[in-house]
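Here is the structure we will look at, set down as structure tokens.
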2 protein chains.
Amino acid sequence: MLRNKIINLTVRDVRFPTSLEQHGSDAMHTDPDYSVAYVVIETTNAELKGYGLTFTVGKGTEIVVCAVKALSSLVVGRTLEEIVSNFRGFYRLLSSDGQMRWIGPEKGVIQLATAAILNAVWDLWARAEGKPLWKLLVDMDPAQLIRCIDFRYITDALTEQEALDILIKAREGNQTREEQMLREGYPAYTTSCAWLGYTDQQLTQLCSDALAQGWTKFKVKVGADIQDDIRRCGLIRKMIGPNNILMVDANQRWDVAEAVAWVTSLAEFRPLWIEEPTCPDDILGHAFISKALAPIGIGVATGEQCHNRVMFKQFLQASALQFVQIDSCRVGSVNENLAIVLMAAKFNVPVCPHAGGVGLCELVQHLILFDYIAVSASLHNRMCEYVDHLHEHFRSPTNIRNACYMPPTDPGFSCEMLEESVQKHQFPDGEVWKNIRKQDK
Amino acid sequence: MLRNKIINLTVRDVRFPTSLEQHGSDAMHTDPDYSVAYVVIETTNAELKGYGLTFTVGKGTEIVVCAVKALSSLVVGRTLEEIVSNFRGFYRLLSSDGQMRWIGPEKGVIQLATAAILNAVWDLWARAEGKPLWKLLVDMDPAQLIRCIDFRYITDALTEQEALDILIKAREGNQTREEQMLREGYPAYTTSCAWLGYTDQQLTQLCSDALAQGWTKFKVKVGADIQDDIRRCGLIRKMIGPNNILMVDANQRWDVAEAVAWVTSLAEFRPLWIEEPTCPDDILGHAFISKALAPIGIGVATGEQCHNRVMFKQFLQASALQFVQIDSCRVGSVNENLAIVLMAAKFNVPVCPHAGGVGLCELVQHLILFDYIAVSASLHNRMCEYVDHLHEHFRSPTNIRNACYMPPTDPGFSCEMLEESVQKHQFPDGEVWKNIRKQDK
């Protein structure tokens, strides 16, 4: 299967009109239309295709699509074997093209596009091996895993040898952990109850439904108005009781001092973490906030807009976060996330993935299963975000049981979308968008 | 003039085939085709247009063009007055659109596109006032300057009041400094002699020519091969003598420890600074390198790929650089560069702009003139990069006299290109590119 050559790469702009009902709304993204740049890789074997995506929130998806097209010439014409036998080199090729790196490097649009393509390549590889991606990773020889990672710029925090040692050490008990995951699944938390645009009534209803379904960990969007936040957090804490877990998420709303003051005033509701208190680029700011909030027992979580391994490296070096929120589409796909979870393991900081959007849950569950089975070997203070939107558009949607992600069993990276959904939601000419424009007139 | 409404914004992909002769080659960009996304803003007054650009190095320029188009709807339809009377708000609008910010925020493609548009708006404003941009800035009331800056995420390093105080203090002697600049110009250094792809013979010839023209400050590209670097630096130091200034530039080639070792082995040639020793995102890495090189008297310079004010803030907070290299196209135009030069002033670190490429010299000279006259009031350890390529394509090209930038006198931001040059170099259908494709066949 690996001998198959990639002969075509297509990319489409697919958008869901989520802003109509304020799903996904937060303090900085008030009207997101959850979207993806959706990639399909075709090979010389008509049966073997790779599906990948990167997540966006509406306008600008066409720019990412344009970037995927620009990068596609580096992919088409290669065999899968050629790519995966030197995956580190292929990663470097994509991320460091002598001309295109200028408009990154390894950040923003070009990094999101790299993620979409590499997610499709990893999907292709897992399908070629007949395994779900997490299992491909878990079964992979540590030395081969290491050869998928570009260590450029991170050797001062993690050498290849250190990474290898972590993987080898974690082999102990991996079989037991894999069986545990297949039996119980990976613990999740829900963000679906408390988007910023929801009314108190929606909040109460959704939270009560979630409790009934067995959820024990809840995230609340904050940051627009302090009185609203106090009221909403109070409401949720009261409903979930003292023993369930509450997290708050400001989506970058504050300056550094403001973050400390605002979060301190929410301390009575005992949030486990404040997520994205300030600019995602502000390592030193996050370090300051972490230090200020430590005495009141609130950690700092960030990562969904942390654009590469070099940024994560510094967040870890500076003790600027207490929860590493990897994202499956923001950085350079599995390759770069391997580097990040290994650094997190070295610094002994738990990984709690960001998910939601479109396809982020489907993708990231594979990475966190790998992290538990083959890297961190711990569930302490660890959980994966879950949002119950838009899963119906995927061929192998997430399977949540007792508030846990059950390990995917279909081969691949779980991000193949239903062709009908893609066509209906293609922007701007899909049926859904045509209808919206009709209604607007 | 300010009442005129913006009625159209066009953007074109313009590329120069510089890779054919290795102009601009460095350790990471081995074959750059210097390019721009070129913006023209039209107003209700047919005589009043604004010209702006952002610099790229070839492939991927079409992605930036796509991003400019996406942002243009936020610009067209507004009067110039509406924009400049609340420039901070307009900046926030462009940089923090609730949907588009996801694919940045304030970094990479979307930030480069923001720069192209805002550079055109500033050009338009200066033209409407009949002044070169530097003079518009120098004459502007400090309070109004402050209102052009978005202080979000930097108040922990620089408050509005502190910024205002710096500007007010620098009014003392500003008239004298302006006269001095008009008489003598702003000191420049040259990078034209020692691109990485040049032979020793080219190096020697160009260096000897430059000395004859009065240049006293020279930058050499390094980082590909240590023996080559030692030989080339030795050659240049010997030619320029002990009293002229030498800088070296690695264009992000090294990991942290490698940077320290490599630069230490070049210490005998007494470079003033090592530029971009490692990843442009690695604040803590630069801080480590700065500390390690301080005892041997070599500073760290960076900034041309530092993507926003929040990154510069941290570089300053962490003492991670000793020379701030602002760029006119990487961050959010004049607005964000105002924040950066004010922070540099507060931290007492000299600003030495990055230039070269296409149009970067034309643009950034305005900012450094402003910095000297109205902010830093110092020339100590300060100089502006100069590269003698592609100026012939501009209507108001830079004017270098005795290795100094002479202040521009034409109204605007100096980045209007000759229409004939634009058309000839448009990618992919301009005459120049058609001919190259013909020759390739």
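No value in this document is a laboratory result; all are computed from the given coordinates. These numbers were taken from a predicted model, which means no experiment stands behind them. Every residue, glycine among them, receives a Cβ derived from its backbone with ideal geometry; neighbour counts consider all protein chains shown.
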- Message: Could you tell me the extents of segment B:64-116's C-alpha atoms along the three principal axes, largest first, rounded to whole Å?
- Response: 28, 18, 17
- Message: What number do you get for segment A:142-231 when its Cα radius of gyration is normalised by 2.2 N^0.38 Å, N = residues?
- Response: 1.74
- Please list, in chain and number order, the residues 5+ apart from B:Glu416 or on another chain whose amide H is under 5 Å from its amide H, with Hs placed from the backbone. B:Arg395, B:Ser396
- Restricting to chain B, what percent of DSSP beta bridges are antiparallel, rounded to 5? 55 percent
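Ratio of Rg to Rh for segment A:165-419, alpha carbon only, Kirkwood?
Details: Rg = 17.6 Å, Rh = 18.5 Å.
So for segment A:165-419, dividing Rg by the Kirkwood Rh gives 0.95.
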- Flagged links, alpha-carbon separation over 24 Å, of A:Lys107/A:Lys424; A:Lys59/A:Lys438; A:Lys69/B:Lys221; A:Lys169/A:Lys217; A:Lys313/B:Lys346: A:Lys107/A:Lys424; A:Lys69/B:Lys221; A:Lys169/A:Lys217; A:Lys313/B:Lys346
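Using the eigenvalues of the Cα gyration tensor, what equivalent ellipsoid semi-axes result for chain B when each is taken as the square root of five times the eigenvalue, whole Å, largest first?
Details: eigenvalues 206, 137, 88 Å².
Each semi-axis is √(5λ); the values are 32, 26, 21 Å.
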- If the label for B:Pro295 sits 7 angstrom from Cα along the Cα-to-Cβ line, what are its distances to the same label in every other copy, in nm to one decimal, shortest first? 3.7
- Query: Taking the axis that carries chain A onto chain B, what is the nearest Cβ in chain A, and at how many Å, to the whole number?
  - Reply: A:Gly108, 1
- Message: Restricting to bridges with both residues inside the protein assembly as shown, how much of the DSSP beta-bridge set is antiparallel, in percent to the nearest 5?
- Response: 55 percent
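So for segment B:365-441, Kirkwood radius off the Cα pairs, Stokes-Einstein at 4 °C and 1.567 mPa s: how many µm² s⁻¹?
Working: Rh = 15.1 Å.
Rounded to a whole number, D works out at 86 µm²/s.
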- Query: Taking the mean number of other Cβ atoms within 10 Å as a proxy for protection, how do you rank B:373-386, A:71-84 from highest to lowest?
  - Reply: B:373-386, A:71-84
- Task: Set the Förster distance to 25 Å, then compute FRET efficiency between A:Thr409 and A:Ala46 from the Cβ-Cβ distance, nearest 0.05.
- Result: 0.55
- Query: Which three lengths, in whole Å and largest first, does segment A:242-373 cover when its Cα atoms are put on their principal axes?
  - Reply: 39, 31, 26
- Per-residue ³J(HN,Hα) for segment B:38-53, Karplus 6.51 cos²θ - 1.76 cosθ + 1.60, θ = phi - 60°, Hz, x for Gly and Pro: 9, 10, 10, 9, 9, 10, 4, 9, 4, 7, 10, 10, x, 10, x, 7
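Let me have the 222 nm mean residue ellipticity of chain B computed from DSSP H runs of 4+ only, each contributing -39500 (n - 2.57), with the sum over all residues rounded to the nearest 500. All intermediate terms of the calculation are to be shown ahead of the outcome.
Values: 17 runs with 181 residues, N = 441.
Per the formula, -12500 deg cm²/dmol.
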- Item | Label 7 Å beyond Cα on the Cβ vector: B:His380 copy-to-copy distances, nm | 5.2
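Roughly how crowded by other chains is peptide A:308-320, in terms of the mean Cβ count from those chains within 10 Å of each of its Cβ atoms?
On the way: counts 2, 2, 8, 4, 0, 5, 9, 1, 0, 5, 4, 0, 0.
Shielding by partners across A:308-320 averages 3.
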- Message: I need the phi-derived Karplus couplings for segment B:230-247: 6.51 cos²θ - 1.76 cosθ + 1.60, θ = phi - 60°, integer Hz, Gly and Pro marked x.
- Response: 4, 5, 5, 5, x, 4, 5, 4, 5, 5, 8, x, x, 9, 6, 9, 10, 10
- Message: Rounded to whole Å, give me the distance from the Cα center of segment A:44-85 to that of segment B:397-441.
- Response: 34 Å
- Task: Divide, for the protein assembly as shown, the radius of gyration over alpha carbons by 2.2 N^0.38 Å, where N is the residue count.
- Result: 0.93
- Task: Give a residue-ordered list of calculated ³J(HN,Hα) values for segment B:206-220 (Karplus: 6.51 cos²θ - 1.76 cosθ + 1.60, θ = phi - 60°; whole Hz; x for Gly, Pro).
- Result: 5, 5, 5, 4, 5, 4, 4, 7, x, 5, 10, 10, 10, 10, 10
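Ranked by Cβ crowding within 10 angstrom, fewest neighbours first, how are B:Lys221, A:Lys131 ordered?
Lowest count first: A:Lys131, B:Lys221.
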- Query: Which of A:Cys352, B:Cys415, B:Cys207 comes first, and how do the rest follow, when ranked by fewest Cβ neighbours within 10 Å?
  - Reply: B:Cys207, A:Cys352, B:Cys415
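Please give the length that would be gained between A:Leu20 and A:Ile230 if that part of the chain were fully extended, namely 0.36 nm times their separation in residues minus their C-alpha to C-alpha distance (nm, one decimal).
73.0 nm
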- For B:Val220, residues with placed amide H under 5 Å, excluding near neighbours: B:Met247, B:Val248, B:Asp249
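Ranked by Cβ crowding within 10 angstrom, fewest neighbours first, how are B:Met1, B:Met181, B:Met311 ordered? Could the numbers behind the result be given before it?
Working: B:Met1 15, B:Met181 21, B:Met311 25.
With the sparsest Cβ surroundings first, the list reads B:Met1, B:Met181, B:Met311.
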